[in-house]
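Can you read through this structure? Questions will come right after.
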């Protein structure tokens, strides 16, 4: 006899659908919220609703933002001659935390991965090429894809496309450990990587 | 410069407030939902709202339920002479899964823990005593608190209170590993524990 209220089962199921959350953790979270003040469940519920309502994608750099264009693209103080190409919005966050980079960004939303069936056409690569071709203030591209197989493949692919356009290309120095994930790098490692940029 | 949209920061913070979810996991979940279809964030948001709106506490056994009294307390087929005392609603779930117990329940909502400042008055112990004194069909109490320090203390405390009332008291057999948590026990172990119940 299943005597669990449907609202409880449903929340357990929804938590369980999230990556890295198994059925036991989903149960724990649900029963924690049952005991927690009503406000906490409401705050989480509201935050979830406003996530999709209030977050837009910047039409210039494809980063997530509150407004289009995003705060970085609108910022007059930033160096508009340099574009840092990253895989994910989280990577922008990680680089901003170093306070060492003052150029603009371009977010690909992924990396080339034949295994997962992700090709160049699934990424914001055409947008990057259009941007370079139309905006002649751009002089340099910093490739900051993740230092793993997919990131390397993506960087190589971009190099072949962008170099003929006469744009200088640099990469984050190999202070980053191979097989790692850019967003998990600490500020010092990322700062070193920015300092050691070299022309390809 | 913090360029993350507020809706994103807020959701990361709310996830981070949940037990066992650190800032990195909170980020991961948030960015996963940003990319997932709108329906998934909405479904999770709705499930959270209905959790507090639709779940009530049974006035008889203190278990969580959709209606008051709960489905188990209303079930005519159950043995009303026996009460199983557990710490949490999750423990009821675990025992129901064995299909070996057919009596009623009483949920304490915790265990006595001087370290955490939880005394008998913070648990549904008075409700249990009132229930035993007013409902003369109750002949037996099965103590099914967790087999750890707090659970043991709670069981001993209840024994001292209930025995003078002339009620038979049994405990789940010590098939349960010490230091464990009842809700994590597998069905077979719990079944064994139910089979080996002994009078104190």
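Taking neighbour counts of Cβ atoms within 10 Å as a proxy for exposure, in what order, fewest first, do A:184, A:32, A:105 appear?
Listed from fewest to most nearby Cβ atoms, that is A:184, A:32, A:105.
With axes computed from alpha carbons, what is the tilt in degrees of helix A:89-98 against the longest principal axis of chain A, rounded to the nearest 10 within 0 to 90?
70 degrees
To the nearest 0.05, what FRET efficiency results for residue A:139 and residue B:38 with a Förster distance of 35 Å applied to their C-beta separation?
Given R0 = 35 Å and the Cβ-Cβ separation, E is 0.35.
What are the nm distances, shortest first, from residue B:24 to its equivalents in the other copies, labels at 7 Å along Cα→Cβ?
Distances between equivalent label points, in nm: 2.1.
Separate question: Once the label point is placed 7 Å from Cα along Cβ, list for residue B:140 the distances to the corresponding points in the other copies, in nm, shortest first.
Between copies, matching label points for residue B:140 lie 8.1 nm apart.
How long are the semi-axes of the ellipsoid equivalent to segment B:74-156, from square roots of 5 times the Cα gyration tensor eigenvalues, in whole Å, largest first?
22, 16, 10
Per-residue Cβ counts within 10 Å, from other chains only, averaged over B:84-94: what number is that?
Partner-chain Cβ atoms within 10 Å, mean over residues of B:84-94: 2.
Let me ask something additional. Could you name the residue in chain A with the C-beta closest to the rotation axis that superposes chain A on chain B, along with the separation in whole Å?
In residue-and-Å form, the answer is A:45, 2.
Continuing with the same structure: Take the protein assembly as shown, compute every pairwise Cα distance, and split them into 10 Å bins from 0; I just need the percent in each bin.
Cα pair-distance distribution for the protein assembly as shown, in percent: 4, 19, 23, 16, 13, 12, 9, 4, 1, 0.
Here's a follow-up. Residues in segment A:149-164 near a label at residue B:24, defined as backbone nitrogen under 20 Å from the 7 Å Cα→Cβ point?
Residues A:149-151 fall inside that zone.
Run the quick spin-label model on residue A:115 and residue B:77: label points 7 Å from Cα toward the beta carbon, then report their separation in nm to one decimal.
5.0 nm
Considering only DSSP beta bridges where both residues belong to the protein assembly as shown, give the percentage that are antiparallel (nearest 5).
Percent antiparallel among DSSP bridges in the protein assembly as shown is about 30.
Shifting gears a bit: For every helix of n ≥ 4 consecutive DSSP H residues, a contribution of -39,500 (n - 2.57) applies; sum these over the protein assembly as shown, divide by its total residues, and give [θ] at 222 nm rounded to the nearest 500 deg cm²/dmol.
After summing the helix terms and dividing by the residues of the protein assembly as shown, the value is -13500 deg cm²/dmol.
Quick one: helix B:38-54 against the long Cα principal axis of chain B, what's the angle to the nearest 10°, folded into 0 to 90?
40 degrees
Give me the orientation-averaged projected area of the Cα convex hull of chain A, in nm², one decimal.
Convex hull of Cα atoms, orientation-averaged projection: 14.5 nm².
Percent of Cα-Cα pairs more than 24 Å apart in segment B:105-193, please.
21 percent
How big is the Kirkwood radius of segment A:6-53, worked out from every pair of different alpha carbons and given in Å to one decimal?
Result for segment A:6-53, one decimal place: 11.2 Å.
For segment A:1-113, what is the per residue volume of the convex hull drawn over the alpha-carbon atoms, in cubic angstrom?
Hull volume normalised by residue count: 165 Å³.
Follow-up question, since we're still on this one. According to a simple spin-label model (label point 7 Å from Cα along Cα-to-Cβ), what is the distance in nm between residue B:161 and residue B:96?
Using points 7 Å along Cα→Cβ, the separation is 2.5 nm.
For chain A, what proportion of DSSP beta bridges, expressed in % and rounded to the nearest 5, is antiparallel?
For chain A, the DSSP antiparallel bridge percentage is about 30.
Return one number: the angle in degrees, 0 to 90 and rounded to the nearest 10, between the long axis of the Cα atoms of helix B:6-16 and the longest principal axis of the Cα atoms of chain B.
30 degrees
If you don't mind, another one. Please find the FRET efficiency linking residue B:68 to residue B:13, where r is the Cβ-Cβ separation and R0 is fixed at 25 Å, and quote it to the nearest 0.05.
It comes to 0.15.
Which order, highest average first, do B:22-29, B:89-96 follow once you tally other Cβ atoms within 10 Å for each residue and take the mean per peptide?
B:89-96, B:22-29
Bear in mind that the values in this text are calculations on the coordinates, not laboratory data. Worth saying up front: this structure is predicted, and the values here are computed from it rather than measured. All Cβ positions, even for glycine, are placed from backbone atoms using ideal geometry, and neighbour counts span all protein chains on display.
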